[in-house]
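Below is one structure, written out as structure tokens; comments come after it.
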Amino acid sequence: MAEAVGENGAVEARRRDAGAEAGPGTSSAVESGRIGKADMHIHSLASDGTASAAEILDHVERWTDLDVIAIADHERIEAALECRRLAGASGSRVEVVVGEEVTTRSGHVLAVFLQARVRRNQRLETTVAEIHEQGGLAIVPHPFSSFTLGLRRHAIVGVHRSSDPLVYWDALEGFNPSTAGRFGRAATARLAATLGLPLVGNSDAHTLDTIGDGRTHFPGSTAEDYRRAVLAGATGGSCDDWGFVREAFIYSRQVRKQARDVLRWGRRNLLGADEPRDLGVPIEQLRAQAGYVAAADAPGRTRRPAAEAGGREAEEPPA
């Protein structure tokens, strides 16, 4: 037991240090006791979702009470950057965070508050360290789920026990309405209690109508309030489970979207058509992002503009 307490104490110290870097002070919403809602796991057309960045922001503004969202596509951040740009340009009431669902050799990791894309298929510890290097939060999405590359217990605990100051978890996704999320919900809650980690809620939405079906509750209303709440272990969550019938309907829309992607790929690569992949972002904005998005093949933990990667960024398929 003493060993477990010691491990948790070391992780808490690292989390406190990260919290100090997030910036001092509290928002007026925190002081007034307001409870915000966030959904930090949303997929767009850029990976296996079915809506563009603009459609996602419009839906969240019109039809949800979410305060903070993150688009977290598989191996991509273009739609997240575009959604954040649109929210800032329009003065949206919704704050948008750049996220990514990163595939590691052990399974998926949810990264939010990113400055640059994180490379896929690295060691789990390397990915978690790179997320924290750029000031992001590393969250375990849909733990224990076999069919969506959920991390297994030994991988989660291995990171928790790491002595590397950059290798630790910020939270576990304990509220997820999908079958993947329901599969390990009870085990996730037990593990979070054992490791002293907070639980968050997310929708893992791939369609507009499922955004907000999983959510995190936190003191305040802003993205920085959310970050502080995670680091302080002051989050809660809830979700509206989909059920198998609704999930089958969601999956059917994903299949149609992926079929369109395959047709575009064929026309582009086999017929030589000038038909770029649809990432749900206007082409002029993709060009504007070229100096910002990290190159997938950059060595080590250094990054260079995507424009120097010979265009490979736009062609790499989602996980």
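Any read-out appearing in this document is the output of simple, stated calculations on the displayed coordinates, not a laboratory observation. Model, not experiment: these values are computed from the prediction. No Cβ is skipped: glycine too gets one built from the backbone with ideal geometry, and neighbour counts run over all protein chains shown.
Tell me, in nm to one decimal, what length is gained between Ile35 and Asp209 on full extension, where the rule is 0.36 nm per residue of separation less the Cα-Cα distance?
60.3 nm
Through the Karplus equation 6.51 cos²θ - 1.76 cosθ + 1.60, θ set to phi - 60°, convert the phi angles of segment 128-139 into ³J(HN,Hα) values in whole Hz; use x for Gly and Pro.
Here the 3J(HN,Hα) series is 4, 5, 5, 4, 6, 4, 9, x, x, 9, 10, 10 Hz.
Any idea how far apart Ala232 and Ser92 come out in nm if each label point goes 7 Å out from Cα toward Cβ?
Result for the modelled spin labels: 2.6 nm.
For segment 2-244, what is the charge dipole size about the Cα centre, in debye to the nearest 20, if Lys and Arg each add +1 at the Cβ and Asp and Glu each add -1 at the Cβ?
The calculated dipole for segment 2-244 is roughly 540 debye.
Taking the Cβ of each residue in Phe175, Phe183 as the centre, tally the other Cβ atoms inside 10 Å and list the residues starting with the fewest.
Least to most surrounded, the residues fall as Phe183, Phe175.
Given H placed 1.01 Å from N in the peptide plane, which residues other than close sequence neighbours of Val200 have an amide H under 5 Å from its amide H?
The list, which skips near neighbours in sequence, is Leu172, Glu173, Gly174, Phe175.
Based on the mean of other beta carbon atoms within 10 Å per residue, what is the order of 200-212, 146-158, most packed first?
Most protected by this proxy first, the peptides run 200-212, 146-158.
First measure r as the distance between the Cβ atoms of Arg267 and Ala290, then evaluate 1/(1 + (r/R0)^6) with R0 = 25 Å and state the FRET efficiency to the nearest 0.05.
0.60
Per residue of segment 238-251, what does 6.51 cos²θ - 1.76 cosθ + 1.60 with θ = phi - 60° give for ³J(HN,Hα)? Whole Hz please, x for Gly and Pro, Karplus curve as stated.
So the J values, rounded to whole Hz, are 7, 7, 10, 4, 6, x, 5, 5, 5, 5, 5, 5, 4, 5.
Could you pull out every residue, at least 5 positions away or on a different chain, whose amide H is within less than 5 Å of the one on Gly214? Hs are placed 1.01 Å off N in the peptide plane, and Pro or chain starts have none.
Ser203, Asp240
Which whole-Hz couplings ³J(HN,Hα) result when phi for each residue of segment 92-109 is put into the Karplus expression 6.51 cos²θ - 1.76 cosθ + 1.60, θ = phi - 60°, listed in order with x for Gly and Pro?
Computed from phi, the couplings for segment 92-109 are 4, 6, 9, 9, 10, 10, 7, x, 7, 9, 9, 8, 10, 5, 9, x, 7, 10 Hz.
Give the long-range amide H neighbours of Ala70: residues separated by 5 or more places, or on another chain, with amide H under 5 Å away, using H modelled in the peptide plane at 1.01 Å from N.
Excluding prolines and chain starts, which carry no amide H, the hits are Asp39, Met40, His41, Ile42, Val97.
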